[in-house]
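Below you'll find the structure, written out as structure tokens, and then a few comments.
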Amino acid sequence: MTPESSPGPSHTSDRFVTVIIKPFRLEAVLRALEPFAIDEIAISEVRGYGRQKGHLELYRGAEYVISFIPKLKLEFAVSASEAEEVFQAIAQAARTGRIGDGKIFVLDSV
């Protein structure tokens, strides 16, 4: 692995985006991102919880509390000029209308 060169002046207004979504919404979110200039994206399987605080599952007659829900984390950079449109596209594609649809975190690049 070689280190990436530092971005030039044209990249100073990029945003680093982290998105947490339900796994079955991945394809819809990736389709929603196609029109944008996103060159690289990292996708990780993660576990966590928000307001839903987990759920009960029944296995062989016994109830188990599942505290950490499986999610997917997408990480990528987007230009500041496209940022709002990207956020709207992700929110629309990931939304199911139920609790736990996900979060979008944004950091300004340095």
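With respect to Ile38, determine if the residue is exposed (fewer than 11 other Cβ atoms within 10 Å of the Cβ), of a type in the set (Val, Ile, Thr) and assigned to a loop (DSSP other than H, G, I, E, B). Reasoning before the result, please.
Details: exposed (fewer than 11 other Cβ atoms within 10 Å of the Cβ): no; of a type in the set (Val, Ile, Thr): yes; assigned to a loop (DSSP other than H, G, I, E, B): yes.
When the stated conditions are applied, Ile38 does not pass them.
Given the condition in a loop (DSSP other than H, G, I, E, B), among the hydrophobic types (A, V, I, L, M, F, W, C) and either surrounded by fewer than 17 Cβ atoms within 10 Å (Cβ to Cβ) or at pLDDT below 95 (or both), answer yes or no: does some residue in region 60-79 qualify? Looking through region 60-79, at least one residue is in a loop (DSSP other than H, G, I, E, B), among the hydrophobic types (A, V, I, L, M, F, W, C) and either surrounded by fewer than 17 Cβ atoms within 10 Å (Cβ to Cβ) or at pLDDT below 95 (or both).
State yes or no: is Leu107 assigned to a strand (DSSP E or B), buried (at least 16 other Cβ atoms within 10 Å of the Cβ) and touching a residue at least 12 places away in the same chain (Cβ under 8 Å)?
Taking the combined requirement at face value, the residue does not satisfy it.
Counting only residues that are of a type in the set (Asp, Glu), under 21 Å from Val17 (Cα atoms) and over 13 Å from the mean Cα position of the chain (by Cα), how many does region 60-89 have? Please lay out each step first, then the result.
Within region 60-89, the subset of a type in the set (Asp, Glu) is 63, 75, 82, 84-85.
Those still in the list that are under 21 Å from Val17 (Cα atoms) too: 75, 82, 84-85.
When the remaining residues are screened for being over 13 Å from the mean Cα position of the chain (by Cα), the result is 82, 84-85.
Count: 3.
The values are calculated or read from the model by the stated rules, or taken from the named source; none is laboratory data. Since the model is a prediction, treat every value here as computed from it, not as a measurement. Methodologically, a virtual Cβ is constructed for each residue, glycine included, from the backbone with ideal geometry; neighbour enumeration extends over all protein chains shown.
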